[in-house]
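**Student:** Have a look at this one before I ask anything.
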Amino acid sequence: MSRPTGSRLRPRLPTRADDWRLMARTVRLVLGLPAYAALALSAAVVALSAFVLGQNLALTRFAVSAPTGLADRATILLGLYPFLGTNYGPVAELLLVAVAALSGVDVALVGYHFREHGLGGREGEPGGVAGGGTVGLILGALGAGCAACGSAVLAGLFSLFGVAGAATLLPFDGVEFSVLALVALVLSIHWVADGMRGGEIRGCPV
Amino acid sequence: MSHDRPDARTRRRLLGVAAATGASALAGCTGGLSADFPGAGDTEATTATTTGPPLGDHPAAEGIADQARFGPPPADAEGVVVAFEDPSCPRCAAWETGTVPKLRERLGDRVAVVFRSYPVIYPWGRPATQAIEAAFARETGSKATQATTDERSTTTSGPTPYGTRQGSTATWALIRHYFENQDRFDADNVLDLTRAFLAEETDLDADAVVADAEAKAHDDAVQADLAGGDAAGVGRTTPTVFLFRDGEFRTSARGSISFRVVNAALGL
């Protein structure tokens, strides 16, 4: 089913209730497949681990390689994750988990679209499918870094542009970037779902 | 308009997602890599005071015997936790109010917890740090005898009040005040509020401490902490804690890690 030419020209933002219903239905159908549910879960765990363990590489390396017991290794590693440790505030924890979860969903949708439909996103998409996901993942990492320990990641990034102190201007301690990551990932998921519009998933029309 | 084939375009996009994941990990790593390489900082470590060799020759431990701390002297402690903290840093507040009290309560006779000022987050942290160093200098300079008494008494009596080590009861009270009331401070009011707190809650000469802070009379101590942290790879991340066991460096951690993580990493 093709879309009217005019609709291609308008910004592809999820502004209508139909857009959100399409996203929800597409996600539900794709994650209803065990393989893609597992892919989403795996990608989410990998994303979350990259966010939190990347903040503490020295400690992670110590937990993995030091001559210590299995229980201590597990305590150290699990203690770096949201809700299991104390490294983040409650808002930052929720946002981090949400970013990781949406990252997993995004990867699963892109994977499904590629394998089952053999098609990429439509031309003219703002940023493209992976473009939104890329922005979301990068912002997620920035948000994790800021929320965890004094804007470390963001300060490092800003320092490349000679404005190292700019990170301290963020009024919410870097949580802003986690929110932006959520927005970017939602947009990415919307664009993937929009790209699958008119097709079928598990025999169901999208 | 692109003339790429759709499948080729899609493969590039998938590669983009993979690259983004890698970039995310890499971005996260920028805060952690330097901690693996003590000495990778831009500035050579300097010390305001030297009281014996640092633990494990680690720059984070330079001169820690002269820092505000809880627990036994570092040279006698099974474990030493050196924390670089900024009074204005929210995660430092979580560390100070969540993890440090548990360290004191459960491992207070075995682990030394050392505070090193490292003001790099919000602007009001810098004058606050000057005030902390000024208060500490006045307390330890005038109360050496009392410090010894305090240390002895806190090892034999019941629950210890917040801050009785190194003769720095008032200094620790000030540190705690900053961490518990971060929302009240900004660069314009921090020293006025500091003066009021010291005058009401401590027996320090509040005006003198604030005057010292304004004049940066103890900036050498601040710079020594900054240089030590820089040399240890702290960068702009607070809190960054360095963990030592039996005089040897074990590992470092970024953020307000929990008591359980510290305990496990120290192997206690």
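The values are calculated or read from the model by the stated rules, or taken from the named source; none is laboratory data. Given the structure is predicted, the values throughout are model-derived calculations rather than measurements. Positions of Cβ are generated from backbone atoms using ideal geometry, with glycine treated the same way; all protein chains shown enter the neighbour counts. In case anyone asks, the SASA skips ligands and DNA or RNA and just uses the protein heavy atoms, side chains included. Shrake-Rupley method; radii C 1.70, N 1.55, O 1.52, S 1.80 Å.
**Student:** Residues of the range A:81-118 with accessible area at least 40 Å² lower in the all-protein-chain context than alone (1.4 Å probe)?
**Tutor:** In the range A:81-118, residues shielded by partner chains: A:86, A:87, A:110, A:114.
**Student:** Out of the chymotrypsin sites (Phe, Trp or Tyr not before Pro) in the range A:42-95, which ones are loop residues according to DSSP with at most 12 other C-beta atoms within 10 Å?
**Tutor:** Counting only loop positions with at most 12 other Cβ atoms within 10 Å, the chymotrypsin sites (Phe, Trp or Tyr not before Pro) in the range A:42-95 are A:83.
**Student:** Okay, moving on. Leaving out ligands and nucleic acids, and using a 1.4 Å probe, what accessible area per residue does the range B:56-113 come to in Å²?
**Tutor:** 29
**Student:** Would you mind checking the range A:75-105 for residues with the amide N under 18 Å from a putative spin-label position 7 Å along Cα→C-beta of residue A:41?
**Tutor:** A:97-98, A:100-105
**Student:** For the range B:69-138, take the alpha-carbon Rg, divide it by the Kirkwood Rh, and send me Rg/Rh.
**Tutor:** 1.01
**Student:** Determine which residues of the range B:106-126 fall in the zone a paramagnetic label at residue B:184 would reach in this model, i.e. backbone nitrogen under 17 Å from the point 7 Å along Cα→Cβ.
**Tutor:** Correct set: B:124-125.
**Student:** While we're on this one: Residue B:86: accessible area at probe 1.4 Å, nearest 10 Å²?
**Tutor:** Residue B:86 has an accessible surface of roughly 0 Å² with all protein chains in place.
**Student:** Can you figure out the FRET efficiency of residue B:214 with residue A:13, using R₀ = 60 Å and their beta-carbon distance, to the nearest 0.05?
**Tutor:** E(calc), rounded to 0.05, equals 0.70.
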